[in-house]
Amino acid sequence: MKDFEKKRQEEIVSLQKSWKEDPRWKDIVRPYRAEEVVRLRGSLRIRHTFAEMGAHRLWDLLHSEPYVPALGAMTGNQAVQQVHAGLKAIYVSGWQVAGDANSAGHMYPDQSLYPVDSVPKLISRINNALTRADQIQHMNGDGDGTYWFAPLVADAEAGFGGPLNTYELIKAMIEAGAAAAHLEDQLSSLKKCGHMGGKVLVPCGAFVEKLVAARLAADVLGVPTLIVARTDALGAQLIRSDYEDIDKPYLTGERTVDGYFRVKGGLEFAIARALEYAPYADIVWCETSTPDIGEAEEFARAILGKHPGKILAYNCSPSFNWKRHLDDATIADFQKRLGEMGYKFQFVTLAGFHSLNAGMFELAKGYREEGMTAYCRLQEREFALEKEQGYAAVKHQSFVGAGYFDALQMTISGGQASTAALKGSTEEEQFGKAGPVELVRRRAASGRRSHG
């Protein structure tokens with residue numbers, strides 16, 4: 001018992017020291033004690049490598065890059081293409097999960113209608129795909145190749161319930177390998193996409209509780225997960241209650257038939273709420289209705305004036321008609337200017353959805369009208385990308401790991417297997433020998449000679 005108490009006390013002291021001295025936790029408020037975290041951890045320390053490494057890497061990127069751009073990925077293959085193309089982080093969008101990548105197997109609008117395990121499952125799927133890409137590269141001996149384990153920033157919506165639901169969701173996301181998670185200050189039972197009408201805000205205190213729950217989940221799991229606080233107050237017109245002083249200046253005095261209170265949404269309201277959230281979050285985000293650089297600058301000035309060094313996020317939303325609001329020169333310079341203001345994480349939420357749908361529609365329409373001529377255009381485009389930019393998915397068997405599993409089979413059989421999938425395959429004939437298979441085959445043959 002004495003050893004148990006000694007170990008627990010050492011863990012408490014270590015945690016207290018980290019929170020006090022590590023620059024990572026500067027300007028972060030925890031309304032709970034290290035003793036409570038340690039008491040909730042259990043006796044066995046489970047490591048969450050993807051989440052832990054991803055959180056460290058994302059934090060470093062946000063403090064070393066002008067800004068970190070990301071696109072929403074809705075499949076593992078899309079994530080692999082993003083990383084191979086040079087993006088250093090991946091966004092896991094709840095909208096895309098609702099639209100097509102949820103565990104219910106249905107197509108939903110972005111209203112938290114999908115099962116709560118859907119985003120954690122997509123996080124796992126993406127990390128599995130990145131792991132396979134890394135295994136293939138490592139097997140091929142390319143030690144200086146792509147760093148595949150891009151940190152994942154994932155959407156926790158409005159927490160799918162109260163603070164306990166939020167705790168369990170963030171825990172599941174970390175276990176699946178998320179580096180960061182974001183929450184929004186909407187009523188979870190009526191959650192809407194940030195660019196839809198009918199959003200209902202929760203009181204600031206209720207949202208802070210969810211941010212605390214998210215932080216506690218990360219602390220209990222021992223992972224420095226980045227917590228992102230989003231406010232929807234700029235475009236919201238309804239709030240669940242009228243009792244908090246911070247909300248009172250924005251109340252209209254009207255009440256709806258279903259019991260909600262009307263508020264005057266706007267930038268001032270969003271700033272007031274974001275300032276309340278900032279001490280409990282690593283990153284602050286204001287959901288906007290248009291790509292307005294002046295609005296972004298005013299928000300950044302207000303937040304960073306009270307919380308210097310706080311990281312800001314910006315949704316470069318596909319819901320905006322960018323060309324209608326901005327000219328080409330402004331669009332080209334938009335992200336650089338945001339980065340200079342402090343918006344270090346910038347992302348296109350629905351990039352995977354729009355890329356997948358536009359690409360398939362274009363191909364399908366061409367195929368209906370022209371047959372294989374249309375498909376050959378796609379294939380020729382892939383050949384050109386392979387030659388000019390190293391695009392790998394044109395060799396589809398190798399891309400998904402056929403060579404890796406050939407090598408595995410050869411290793412198991414001591415080089416005797418005659419069933420290598422790529423040997424004699426159309427892909428091998430068209431695109432050249434499968435290096436890993438040949439490598440294992442030669443090693444196995446060498447081993448047999450040396451023991452012969």
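The values are calculated or read from the model by the stated rules, or taken from the named source; none is laboratory data. Only a predicted model underlies this, so the values are computations on that prediction, with no experimental measurement involved. Cβ: placed from backbone, ideal geometry, glycine included. Neighbour counts: every protein chain shown. With ligands, DNA and RNA removed, areas are computed over all heavy atoms of the protein, side chains included. Shrake-Rupley method; radii C 1.70, N 1.55, O 1.52, S 1.80 Å.
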The percentage of the accessible area of the chain (probe 1.4 Å, all protein chains present) made up of carbon and sulfur atoms, to the nearest whole number, is 53
At q = 0.12, 0.24 Å⁻¹, what log₁₀ I(q)/I(0) does a Debye calculation on the Cα points of region 301-417 give, no solvent, two decimals? -0.80, -1.24
Would you calculate a helix-derived [θ] at 222 nm for the chain, using -39,500 (n - 2.57) for each DSSP H run of n ≥ 4 and dividing by the full residue count, to the nearest 500? -16000 deg cm²/dmol
In degrees, nearest 10, range 0 to 90: what is the angle between the Cα axis of helix 372-389 and the longest Cα principal axis of the chain? 90
Euclidean distance of C-alpha centroids, region 86-117 and region 389-410, integer Å: 28
Taking the Cα centre of each part, how many Å lie between region 43-71 and region 329-367? 23
Region 58-110 accessible area per residue, 1.4 Å probe, protein heavy atoms, integer Å², reads 38
When Lys and Arg each count +1 and Asp and Glu each count -1, what net charge do the other residues less than 12 Å away from Ser289, Cβ to Cβ, add up to? -3
Measuring from the longest principal axis of the C-alpha atoms of the chain, the long axis of helix 293-306 (C-alpha) lies at a number of degrees, nearest 10, equal to 70
Using log10 I(q)/I(0) by the Debye sum over Cα atoms at q = 0.06, 0.13 Å⁻¹ as the read-out, say which of (i) -0.32, -1.21; (ii) -0.26, -1.18; (iii) -0.22, -1.18 was calculated from these coordinates. (i)
Everything considered on the Cα gyration tensor (a ≥ b ≥ c; rounded for a/c under 1.5, else prolate if a/b is larger than b/c, else oblate), region 18-174 must be described as oblate
Tabulate in residue order the Karplus-calculated ³J(HN,Hα) for region 97-103, using 6.51 cos²θ - 1.76 cosθ + 1.60 with θ = phi - 60°, rounded to whole Hz; enter x for Gly and Pro. 4, 4, x, 6, 10, 9, 6
Residue-wise, which Karplus ³J(HN,Hα) couplings in Hz belong to region 400-411, taking 6.51 cos²θ - 1.76 cosθ + 1.60, θ = phi - 60°, and x for glycine or proline? 8, x, 4, x, 5, 6, 4, 4, 4, 5, 4, 5
For region 272-311, shape from the Cα gyration tensor axes a ≥ b ≥ c, cut at a/c of 1.5 then a/b versus b/c, turns out prolate
How big is the Rg/Rh ratio for region 77-118, C-alpha atoms only, Rh by Kirkwood, two decimals? 1.08
Using a 1.4 Å probe, how large is the accessible area of Glu380, given in Å² and rounded to the nearest 10? 110
Determine the distance separating the Cα centre of region 16-41 from the Cα centre of region 216-241; give it in Å without decimals. 18
Within the set of other residues whose C-beta is less than 15 Å from the C-beta of Glu10, count the net charge using Lys and Arg as +1 and Asp and Glu as -1. +4
For every other residue with a beta carbon closer than 14 angstrom to the beta carbon of Lys88, add +1 if it is Lys or Arg and -1 if Asp or Glu, then tell me the sum. 0
Could you work out how far helix 267-277 tilts from the main Cα principal axis of the chain, as a 0 to 90 degree angle to the nearest 10? 80
